[in-house]
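The values are calculated or read from the model by the stated rules, or taken from the named source; none is laboratory data. All of these numbers come straight from a predicted model, not from anything done at the bench. All Cβ positions, glycine included, derive from the backbone under ideal geometry; neighbour counts span all protein chains shown. Each accessible area value is taken on the protein alone, full model and side chains, heavy atoms only, with ligands, DNA and RNA left out. Shrake-Rupley method; radii C 1.70, N 1.55, O 1.52, S 1.80 Å.
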Amino acid sequence: MATSTIVERPALVRQKRFSETYIGQWLTTTDHKKIGIMYMVTAFFFFVVGGLEALLIRTQLALPDGKVLDPQTYNEIFTMHGTTMIFLFVMPMFTGLGNYVVPLMIGARDMAFPRLNAFGYWIVLFGGLFLQSSFVFHAAPDSGWFAYAPLTECGVQGVNCIPATPSINMDFWALGVLLLGISSIAGALNFVVTIFKLRAPGMTINRMPLFVWMTLVTSFLLLFALPSLTAASGLLLLDRHLGTHFYQAAFNGDPLLWQHLFWSFGHPEVYILILPAFGIVSEVLPVFSRKPIFGYTFVAWSGVAIGFLSFTVWAHHMFAVGLPVVAQAFFATSTTLIAIPTAVKIFNWLATIYGGKLSFKTPMLFALGFVAMFLIGGLNGVALAIVPFDYQVTDSYFVIAHLHYVLFGGAVFAIFAAIFYWFPKMTGKLLNERLGQIQFWLMLIGVNVTFFPMHILGLLGMPRRIYTYAPDLGWNELNLLETVGAFIIAAAILVFLFNFVTSLRQGQPAGSDPWDAFTLEWDTASPPEPYNFKTIPVVRSRRPFYDKKNPETADWKVAVH
Amino acid sequence: MSVAYREGIPALEQVHDEGGRSVGWWGMMFFIASEALIFANLIAAYLYLEIRQGGHGWRLPSEIWYPLINTVILLGSSAPIHYIAAKGIEKGSQRRLIWGLLATIVMGAIFLGGQVYEYSSLISEGFTPQSQLFGSAFFTLTGFHGLHVTVGLIFLLIVFVRALNGHFTKERHFAFQAGEMYWHFVDAVWVFVFSIVYLLPLLRG
């Protein structure tokens, strides 16, 4: 006989869903702030990878007849250095920053398409890992980051060059950039729609923070420039695998078609890498000068002008290929024209700090460093627009000097300004100021020691991308100096990593508004709640948070915007 | 978002929707704009290579009548999805939505079948992507369009199955709207591809 016993059942404990665990929250998130942070951490990881590749290059070139790398590995390393820094560091870093900051700045609760946003991030991560995994298969891309045909078609039937065996190295590159392109398109249209449709009441286009403006222009550039790269690398893959003849001169194809297509992506791309930096500097300088930006309209619309002009200058990368004289004159003119809106910005920044109450905190130092370094990169860039001069130094280290002043002295300095500026918002902790200052000075010295001698080496005739050089060419001392500089930069990055880890754990609490800033992102908790704003703010001027803190002298009372 | 609801904070759309086109419409529009530029680049490459080869015009070994009929079918397929399906669902008619979609899908499939037939007859005449530069350019440009037709058809088939399951209402049918936008784009871009590939050589005589 069965006695029925009442079994005491344990109270039902609901199993935590995966999306509720700490890791699950990150892996499944569609919150723009979490996605932004994931973008930035991923980008920084690839920055370290690309940086190690740079150190390998500089170690190989430190002394003449270097034997650190073999020639094939050297080709792979410099190709992956460029590809990584551009596609996997600077672009995702700016996408991440924009992701975090733009919705907060315009008073929105999230991006317009949160799931598309997450999709874009995961494509970057796996696209990046896909590209880097080529090292594991001993098949890293090896034709330079701009992958010129016909070099990329070596081994394809009917194309004669060395090595004549087909390899999959450039397939990794072409597929990798196609993947990353998908992600960038997703991100860019998300930014455009967010900025057009989700602004808080009163946040008119002409009141948007300049970082938002520059993100908008950058997104349009991505939408309209990336298709050229997609077409170019699609045709490359067809040539390599389907037997078409687009870039094969032997079959009436034209290797120059690659250059035209690639650079009609590649030059807007240069501005994709620098316009967000302009935006960052236009946010940081006013706050640390205690003044509104000088000439807001000019800063904003010169950005738009740069965006338009950037589509008209691509062939200045091709002066040495034998373009018609008329074409050379056109592209030299358009290239010098683009210096005008860029210079407008420099003067605006100078006028912004002129007469201000400057405080030289780390973000300000990096922003000022940006202005100085970018100015050098801009000036030697204008020099390269002069066709006869370009003939002399094209494909020499002078070009390397130019692009690194723009991209390292420019983009990277602005990225560190942004990290030091917004880190308190993202984490609630301040980065250590003293370590920040040490890092800044190390970087400023390192950048100039590394990249300035490249001008001279270029003029002395040292070509870019050479694996090694003979000892009697007069290049020895400067090369060694550059290598020393590269390791100074590496030291600066180590200081930053140490600062990052220690400040994250025991940094000074930041509060919601550590810099007494002007824009809406500081009118939230640090870090902000998932919904950003409890009530959507109403905007009445270009400095809404300044207005709120200073109701007596609010911008909309004293100035007409 | 759930957090926002719990604390009584209005959701995204409620705060920001100030009328005008929906967020999804704009997103789709910029996506299409970017796609269109891939076509623009391929067309530019096509013309560049043609001109570099002497500019005598690339002429297909086949007659134009077949692709012309195909073009009429493809352009015509934009009518039922707009005038029957879209106008129907705006009035809440499921029946018109389903029949309009079906008509467009059938016409799109006929176009695709026609393209396959055209390809096979060209290839049997020895005109292939590998045979000459013109072949490379022709099959790439029209093939890329064919790929878009295929993607559009898959898009519309998914929307069709959802329509059969009654997923769309008078107020909520964005997936359908996006599919329609994409289909119109695929049609419109064919006008350019057809003009460049088939009509331009005729002009040159």
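Of the residues screened, A:MET208 is not one that is more than 14 Å from chain B (Cβ to nearest Cβ), modelled with pLDDT of 95 or more and within 17 Å of the chain's Cα centre (by Cα). Of the residues making up segment A:317-326, those that are farther than 19 Å from A:PHE224 by Cβ and either assigned to a helix (DSSP H, G or I) or acidic (Asp, Glu) (or both) number 5.
The number of residues in segment A:110-143 being touching a residue at least 60 places away in the same chain (Cβ under 8 Å) and away from every other protein chain (no Cβ under 14 Å) comes to 10.
For segment A:226-245, the set of residues classified as within 7 Å of chain B (Cβ to nearest Cβ), polar (S, T, N, Q) and closer than 16 Å to A:PHE87 by Cα consists of A:SER228, A:THR230, listed by residue number. When B:VAL186 is tested against the conditions (1) buried (at least 21 other Cβ atoms within 10 Å of the Cβ); (2) away from chain A (no Cβ under 14 Å); (3) in contact with a Leu (Cβ under 7 Å, 6 or more places away or on another chain); (4) not acidic (Asp, Glu), the lone failure is (3). Set side by side, the residues A:ILE456, A:ILE438, A:ILE419, A:ILE445 differ, and just one is open to solvent by 10 Å² or more (accessible area, probe 1.4 Å), closer than 25 Å to A:LYS34 by Cα and not in a loop (DSSP other than H, G, I, E, B), which is A:ILE419. When B:LEU49 is tested against (1) closer than 22 Å to A:ALA250 by Cα; (2) open to solvent by 40 Å² or more (accessible area, probe 1.4 Å); (3) facing chain A (nearest Cβ under 10 Å); (4) of a type outside the set (Gly, Ala, Ser), only condition (2) is not met.
Considering only residues in segment A:166-198 that are open to solvent by 20 Å² or more (accessible area, probe 1.4 Å) and within 14 Å of chain B (Cβ to nearest Cβ), the one that is nearest to A:GLU76 (Cα to Cα) turns out to be A:LEU178.
Filtering B:VAL193, B:VAL197 for residues that are at pLDDT 95 or above and either open to solvent by less than 10 Å² (accessible area, probe 1.4 Å) or within 17 Å of B:GLY88 (Cβ to Cβ) (or both) leaves a single hit, B:VAL193. The set of residues in segment A:352-391 that are open to solvent by less than 30 Å² (accessible area, probe 1.4 Å) and among the hydrophobic types (A, V, I, L, M, F, W, C) comprises A:MET364, A:LEU365, A:PHE366, A:ALA367, A:PHE370, A:VAL371, A:MET373, A:PHE374, A:ALA383, A:LEU384, A:ALA385, A:VAL387.
Of all residues assigned to segment A:316-339, at least one qualifies as being open to solvent by 70 Å² or more (accessible area, probe 1.4 Å) and under 25 Å from the mean Cα position of the chain (by Cα).
Would you confirm, using the coordinates I've provided, whether A:ALA414 is within 30 Å of A:ASN99 (Cα to Cα), hydrophobic (A, V, I, L, M, F, W, C), surrounded by 16 or more Cβ atoms within 10 Å (Cβ to Cβ) and under 22 Å from the mean Cα position of the chain (by Cα)? Here the answer is yes, as A:ALA414 does meet what is asked. Among the conditions (1) under 22 Å from A:PHE487 (Cβ atoms); (2) touching a residue at least 12 places away in the same chain (Cβ under 8 Å), the only one that A:PHE45 does not satisfy is (2).
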